[in-house]
1. Which condition breaks for residue B:96 when tested against (1) more than 21 Å from residue A:62 (Cα to Cα); (2) within 19 Å of the chain's Cα centre (by Cα); (3) among the β-branched types (Val, Ile, Thr)?
2. Looking at segment A:179-196, which of its residues are part of a loop (DSSP other than H, G, I, E, B) and either within 20 Å of the chain's Cα centre (by Cα) or at positive phi (or both)?
3. Can you name every one of the strands (runs of 3 or more DSSP E) wholly within segment B:101-178 that holds 3 or more residues which are away from chain A (no Cβ under 14 Å)?
4. Among the candidates A:28, A:39, single out the residue that is surrounded by fewer than 24 Cβ atoms within 10 Å (Cβ to Cβ), touching a residue at least 60 places away in the same chain (Cβ under 8 Å) and β-branched (Val, Ile, Thr).
5. Got a number for residues in segment A:200-211 being in contact with a helix residue (DSSP H, G or I) (Cβ under 9 Å, 6 or more places away or on another chain) and surrounded by fewer than 17 Cβ atoms within 10 Å (Cβ to Cβ)?
6. Scan segment B:86-107 for residues that are of a type in the set (A, V, I, L, M) and on the phi < 0 side of the Ramachandran plot and jot them down.
7. Which residues, counting only those in segment B:57-82, are charged (D, E, K, R) and in contact (Cβ under 8 Å) with a residue 40 or more places away in the chain?
8. If I filter segment B:89-100 down to residues being touching a residue at least 40 places away in the same chain (Cβ under 8 Å) and more than 10 Å from chain A (Cβ to nearest Cβ), which single residue comes out as surrounded by the most Cβ atoms within 10 Å (Cβ to Cβ)?
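Values in this text are rule-based calculations from the coordinates and carry no lab data. Given the structure is predicted, the values throughout are model-derived calculations rather than measurements. Neighbour counts run over all protein chains shown; Cβ positions are idealised from the backbone, glycine included.
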There are 2 protein chains.
Amino acid sequence: MLLGIGLMPHGNPVLEPEDEETKKLAEVLEGIGRTFRDVDSYVLVSPHNARMSDHFGVVMAEHLVSWLGFEGKELPGEWETDRELAERIYKAEKETGMPAVDLNFASLRGEYSRWPLSWGELIPLQFLKKKPLVLITPTRGVSRETLVKFGEILGDVIESTDKRIALIVSADHGHAHDENGPYGLRKESETYDRLIMELINENRLEELLKVPEELVKNALVDSYWQMLIMLGAMRKAEFELKESAYACPTYFGMAGALWIRKV
Amino acid sequence: MLLGIGLMPHGNPVLEPEDEETKKLAEVLEGIGRTFRDVDSYVLVSPHNARMSDHFGVVMAEHLVSWLGFEGKELPGEWETDRELAERIYKAEKETGMPAVDLNFASLRGEYSRWPLSWGELIPLQFLKKKPLVLITPTRGVSRETLVKFGEILGDVIESTDKRIALIVSADHGHAHDENGPYGLRKESETYDRLIMELINENRLEELLKVPEELVKNALVDSYWQMLIMLGAMRKAEFELKESAYACPTYFGMAGALWIRKV
């Protein structure tokens, strides 16, 4: 059963927020952690783990090990995969014809069955109580409909289990908010980020499907594909937005949002 | 152009060989390194990197970083991907309908485009001069014909490039050679290993396709699938066996073999 969804950024600034907006964002992230402290497992969708052109990945490796921080920010730690749930998700996606692969490393079981984590997972995990998780990697080379469908099947599997699950979507938004940043300044980053926050705050997530392809591309985001998976999963029950926040202390936009299942 | 092939084990004992057979095997591995010291790049097929049920992987990540040793044997180091060759291989395999994914991690380019290495790659690499490489991961959930076909396409791509390439196949054989080992003692491990060495030494590699499925399964090997890829690649030119050796100092069988292109 899907108890709720946390949309979480993965930028270093949320770890040590300096300005008021980022502090507010970090509070939302802490709220996500508190809200989900009693779940059984997380399903975590991250854009900075395995990246495949046209296949989703479901990590089966038993041990998820910190490996790669951003700009020297190392966040050591080890998490465990909810292997039973991972297998159910992979099986269901495959049976429905989704282009998905199961990802293991070195050994299929045991101490050598490990998978590396990057800042894309590690930063959201800093705000979440340590639990088993299923790590899923999105892909950009499939249609929007396929992304949503993948999320719907994911939602079906989560709904069909007795476990209490939170879906965590790791995402940052426009990356061209600063003329001195690595991607310069682009109007589209601002446009995209404002639109995303409107869709979140006005309960219009279905309109994600209408966001122009050119805008997604030119805004230089790494949120859109995960959010379509999220949209699919959220179609399987009713959810209410509890909190949201946005901050852009450097060159990329970060959003936090917490949705709770309606009772 | 495929200059030659090295079949190399990935067991710790070859690093510090104690018995005569393992010393002889290590000498063959050193000979592989010497023979290929002037190639431009390696294509390395390893069974202990990413493991997917029914998809081959072609690693695109730019930096290949030591991550996981076996039984505490750490072998630090970093290698670079021959990205141009990796892209050609991936593209050709996909265009021919092979079930293959391109594997990247964290970022698509630059310093964060990294991929972890295990003992499956690191031990063969100890014997090879540092060069760019393309890391390929086999899969067990496809037909023998698909494995050979993947190798044939790989061979076509290698033959079509001006680069001088060596194909390195990381493989250990039966894992049930010791009644006190983790997999116990099974007659099939001995049978399989003896058969493999016959096929190698008697130039009968095409007969790999006739090895009974039950024997492969019961011998507990991690060599068969990579060797079928190797067989496919070797069909694209003529090769001559220069050296081979076998040793089984612990519970698993290790083989080394060097084939050179006939001039």
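1. (2)
2. A:184
3. B:133-137, B:165-170
4. A:39
5. Here the count works out to 4.
6. Correct list: B:86, B:89, B:92, B:98, B:100, B:101, B:103.
7. Scanning segment B:57-82 gives B:62, B:71, B:73, B:80, B:82.
8. The selected residue is B:89.
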